[in-house]
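The values are calculated or read from the model by the stated rules, or taken from the named source; none is laboratory data. All values reported here derive from a predicted model rather than from experimental measurement. Backbone-built Cβ (ideal geometry, glycine too); neighbour counts: all protein chains shown.
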Amino acid sequence: MIKYVDDMEKAALALRTFIDKISKAARGYSGLFDATKINEKELEAIYQFDVAFFTLGDQVSGALDNVEASLGDETALPAAIRNLTSLARLAVETFERRSEVVTGSGQ
């Protein structure tokens, strides 16, 4: 199973990237005199991204359980690792799209 270490490291790196982005994200709100204003439409989009994070969290948790259950199975482990990596990358992409809404750079 040592041959899957690099693949697991890619998944772990993607998860660490997402965790770093979340933990270093700005907190707070848009005040009256802030340069960045959030209107109702943008706020709704931000809420939708936040809901997506909860869903992704559940999916990542399930994918981690699947990787653990697949240890020792040469056919199931690679697919479980690919799924975990895909979900971690999706989490990073979702966070970046959310950030674009907040900053207005995605318009």
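Inspect the range 46-53 for any residue being outside any helix (DSSP H, G or I) and at pLDDT below 95 and give the result as yes or no. Explain how you work it out, then say what you get.
Keep residues of the range 46-53 that are outside any helix (DSSP H, G or I), which gives none.
So far as the range 46-53 goes, no, none of its residues is outside any helix (DSSP H, G or I) and at pLDDT below 95.
Among A52, A88, which is within 24 Å of Y4 (Cβ to Cβ) and surrounded by 13 or more Cβ atoms within 10 Å (Cβ to Cβ)?
Among A52, A88, only A88 is within 24 Å of Y4 (Cβ to Cβ) and surrounded by 13 or more Cβ atoms within 10 Å (Cβ to Cβ).
Return yes when K37 is in a helix (DSSP H, G or I), exposed (fewer than 15 other Cβ atoms within 10 Å of the Cβ), modelled with pLDDT under 90 and of a type outside the set (A, V, I, L, M) and no when it is not.
It is false that K37 is in a helix (DSSP H, G or I), exposed (fewer than 15 other Cβ atoms within 10 Å of the Cβ), modelled with pLDDT under 90 and of a type outside the set (A, V, I, L, M).
Go through the range 64-81 and give me each residue that's in a helix (DSSP H, G or I), closer than 15 Å to M1 by Cα and of a type outside the set (S, T, N, Q).
Selection gives V67, E68, A69, A76, L77, P78, A79, A80, I81.
Under the condition of being assigned to a helix (DSSP H, G or I) and touching a residue at least 60 places away in the same chain (Cβ under 8 Å), which residue from the range 14-26 is surrounded by the fewest Cβ atoms within 10 Å (Cβ to Cβ)?
I22
Return the only residue of A63, A45, A69 being more than 14 Å from A11 (Cβ to Cβ) and in contact with a helix residue (DSSP H, G or I) (Cβ under 7 Å, 6 or more places away or on another chain).
A45
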